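K.L.:
I am attaching a structure below and will ask some questions about it afterwards.
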């Protein structure tokens, strides 16, 4: 399951989900950043754009196609982004962005969700991938 978009008026917060996920080890949340720009070198940040939160993402059923579902749900179309990356919370921006572009990447991502239940995922525009270590 790719999760459900959190209602902007929801009274739930991240702490509420931490309690809910204590018994559902395979669930995680994604803060999906899109429409902004990756800027800076070497001190990176993602500026502008929008953020949608996806709750109840299921690591057991997550696959590469799930990224396309996220894009569709926030109104993105093929060509609106060139790369999808996630940010490791304990590593700096330059070294802490990891691609989601292959089955192997997705497997690594799913392992990451076992430890981290709230993950920042970024859609990167085509003209912005030169800042990524491997081009996204």
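The values are calculated or read from the model by the stated rules, or taken from the named source; none is laboratory data. On a predicted model such as this, the values are computed, not experimentally measured, just so you know. Using ideal geometry, Cβ is built from the backbone for each residue, glycine included, and neighbour counts are taken over all protein chains shown.
K.L.:
For region 86-104, check the following and say yes or no: at least one residue is without any contact (Cβ under 8 Å) to a residue 60 or more places away in the chain, part of a helix (DSSP H, G or I), surrounded by fewer than 17 Cβ atoms within 10 Å (Cβ to Cβ) and in contact with a strand residue (DSSP E or B) (Cβ under 7 Å, 6 or more places away or on another chain). Step through it out loud before you land on a result.
P.N.:
Of the residues in region 86-104, the ones without any contact (Cβ under 8 Å) to a residue 60 or more places away in the chain are 86-104.
Still in the list and also part of a helix (DSSP H, G or I): 93-96, 103-104.
Subsequent filtering for residues that are surrounded by fewer than 17 Cβ atoms within 10 Å (Cβ to Cβ) retains 94-96, 103-104.
Still in the list and also in contact with a strand residue (DSSP E or B) (Cβ under 7 Å, 6 or more places away or on another chain): 96.
Scanning region 86-104 turns up at least one residue that is without any contact (Cβ under 8 Å) to a residue 60 or more places away in the chain, part of a helix (DSSP H, G or I), surrounded by fewer than 17 Cβ atoms within 10 Å (Cβ to Cβ) and in contact with a strand residue (DSSP E or B) (Cβ under 7 Å, 6 or more places away or on another chain).
K.L.:
Let me ask something else about it. Could you grab the pairs with beta carbons closer than 8 Å, sequence gap of 6+ or different chains, first residue in region 45-59 and at positive phi and touching a residue at least 24 places away in the same chain (Cβ under 8 Å), second one outside any strand (DSSP E or B) and surrounded by 14 or more Cβ atoms within 10 Å (Cβ to Cβ)?
P.N.:
Going by the 8 Å Cβ cut-off, the qualifying pairs are 56/1; 56/3.
K.L.:
Among the residues of region 65-85, which ones are without any contact (Cβ under 8 Å) to a residue 12 or more places away in the chain, over 15 Å from residue 54 (Cα atoms) and under 13 Å from the mean Cα position of the chain (by Cα)?
P.N.:
Selection gives nothing.
K.L.:
Right, something else. How do the pairs read when you match residues in region 18-35 that are under 13 Å from residue 113 (Cα atoms) with residues anywhere that are assigned to a helix (DSSP H, G or I) and modelled with pLDDT of 85 or more, using Cβ under 7 Å and keeping only pairs 6 or more apart or on different chains?
P.N.:
Final answer for the pair search is 28/113.
K.L.:
Counting only residues that are touching a helix residue (DSSP H, G or I) at 6+ places or on another chain (Cβ under 8 Å) and under 17 Å from residue 114 (Cα atoms), which one in region 58-75 is surrounded by the fewest Cβ atoms within 10 Å (Cβ to Cβ)?
P.N.:
Looking at residues that are touching a helix residue (DSSP H, G or I) at 6+ places or on another chain (Cβ under 8 Å) and under 17 Å from residue 114 (Cα atoms), I get 63.
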